[in-house]
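Chemist: This is the structure I have questions about; it appears just below.
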Amino acid sequence: MQHFSVACIPGDGIGPEVMAEGLKVLKAIEEIHQGIRFICDEFDWNCHYYLKHGRMMPAGGLQIIQDYDVILLGAVGDPSVPDHISVWDLILPIRRTFEQYINLRPIKLLRGIESHLRFKSHDDLDFIVVRENTEGEYANMGGRIHQGTPFELAVQNSVFTRYGIERVINYAFSLAEKRNKRRVTAATKSNGINHTMPFWDEIVKEAMARHPEIKTDIYHIDALAAYFITKPEEFDVVVGTNLFGDILTDLGAAIVGGLGLAPSGNINPDKTYPSMFEPIHGSAPDIAGKGIANPIAMIWSISLMMEHLNQPKTASLILKAIEEVLVEGIVLTPDLGGQASTSELGDAVVQQLRKMSLKSI
């Protein structure tokens, strides 16, 4: 019997709603598999906690969860609290302290979903973006002076280290070695950003020399965004900086059905600390409490979590169950053109899991 400890942070808005459906899936895996148990503990770290205590999590919060195998996050953010607080006081400390330097975001058109791109099929839209997750443009360096005066000044510094770049680039090439196309595409903007981006390019080219068997391209971010639309079939593993990876993956989600279908994993490849898995749709306060949020991104994030926990067959089965429900097209939330509730779609995935059986695991 394998036991996995899970720190669950439902968060704000639709976060608790989609988290509930993710936990249903974990329970179903336990029942069907009979060889896995999940020990799930819930933490009420969110914007309501901030309004009450002046912080997103308690002092020592990171120490509380550092020994868990994995973390599940629903979403954080509320109109009552400035956006940067929920991100900088909860999400980014977790990513940085636990060295989750890889952000994985699949860009895959699931069966049963049509892309907004005409003439692009499921085979055309199946790649993965590796985003640097702990430094780059989102480094917490800079400040403001002379606030409230005509001379007000804001400075935001980007921080790129050889160590940080090398490890994300090496991860991308290692991932490409395991995939069919064996191709890496690196995002840059070295024609306009004249210090950090040439540095990034140099390290990409060093990796290219070590991996001549991997076809590699380096595209400027503006051209690459266009290629996501015009020729997505060419991509396999796309690697980008913190900012570029963030932007590209939201664009990628749009061309494969929307943010309600977009999972992510914040990965510590060495497993010295827990990795964190979360949908990228955010807390969506405009639909919170209505019971219509799409839980697929959360459930797919659990599939990524199972892959990380060395349970590839279970990971694959979860994704197949999602696709079977989408292909049937009977139980769909409003964003997918249906009228089902969040819990009804979650129940449909669980029923499909049970129907498909895990005897092969």
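Chemist: If you go through region 131-153 one residue at a time, how many are surrounded by 10 or more Cβ atoms within 10 Å (Cβ to Cβ), of a type in the set (A, V, I, L, M, F, W, C) and out of contact with any Ser or Thr (no Cβ under 7 Å at 6 or more places or on another chain)?
Modeler: Residues flagged as surrounded by 10 or more Cβ atoms within 10 Å (Cβ to Cβ), of a type in the set (A, V, I, L, M, F, W, C) and out of contact with any Ser or Thr (no Cβ under 7 Å at 6 or more places or on another chain) within region 131-153 amount to 3.
Chemist: Hey, can you tell me all the residues within region 75-91 that are in contact (Cβ under 8 Å) with a residue 12 or more places away in the chain and part of a loop (DSSP other than H, G, I, E, B)?
Modeler: Selection gives Val76, Gly77, Pro79, Ser80.
Chemist: Shifting gears a bit: Find the helices (runs of 4 or more DSSP H) located wholly in region 153-252 whose residues include 3 or more that are within 22 Å of the chain's Cα centre (by Cα), and list them.
Modeler: The helices (runs of 4 or more DSSP H) meeting that bar are 162-177, 221-230.
Chemist: How many residues, within region 267-323, are assigned to a helix (DSSP H, G or I), closer than 23 Å to Thr333 by Cβ and either without any contact (Cβ under 8 Å) to a residue 12 or more places away in the chain or polar (S, T, N, Q) (or both)?
Modeler: The qualifying residues number 2.
Chemist: Among the listed residues Met57, Met19, identify the single one that is assigned to a loop (DSSP other than H, G, I, E, B), aliphatic (A, V, I, L, M), surrounded by 18 or more Cβ atoms within 10 Å (Cβ to Cβ) and touching a helix residue (DSSP H, G or I) at 6+ places or on another chain (Cβ under 8 Å).
Modeler: Going through Met57, Met19 in turn, just one is assigned to a loop (DSSP other than H, G, I, E, B), aliphatic (A, V, I, L, M), surrounded by 18 or more Cβ atoms within 10 Å (Cβ to Cβ) and touching a helix residue (DSSP H, G or I) at 6+ places or on another chain (Cβ under 8 Å): Met57.
Chemist: Further question: Read through the list (1) in a loop (DSSP other than H, G, I, E, B); (2) not assigned by TED's automatic domain parsing to the domain that holds Glu324, then give the number of the only condition that Tyr68 fails.
Modeler: (2)
Chemist: Which residue pairs have Cβ atoms under 7 Å apart, sit 6 or more places apart or on different chains, and have a first residue in region 187-200 that is farther than 13 Å from His220 by Cα and in the same structural domain as Ile247 (by TED's automatic domain parsing) and a second that is at pLDDT 95 or above and exposed (fewer than 12 other Cβ atoms within 10 Å of the Cβ)?
Modeler: Close Cβ pairs satisfying both conditions: none exist.
The values are calculated or read from the model by the stated rules, or taken from the named source; none is laboratory data. All values reported here derive from a predicted model rather than from experimental measurement. A quick note on method: Cβ atoms are made from the backbone with ideal geometry, for glycine too, and the neighbour counts reach across all protein chains shown.
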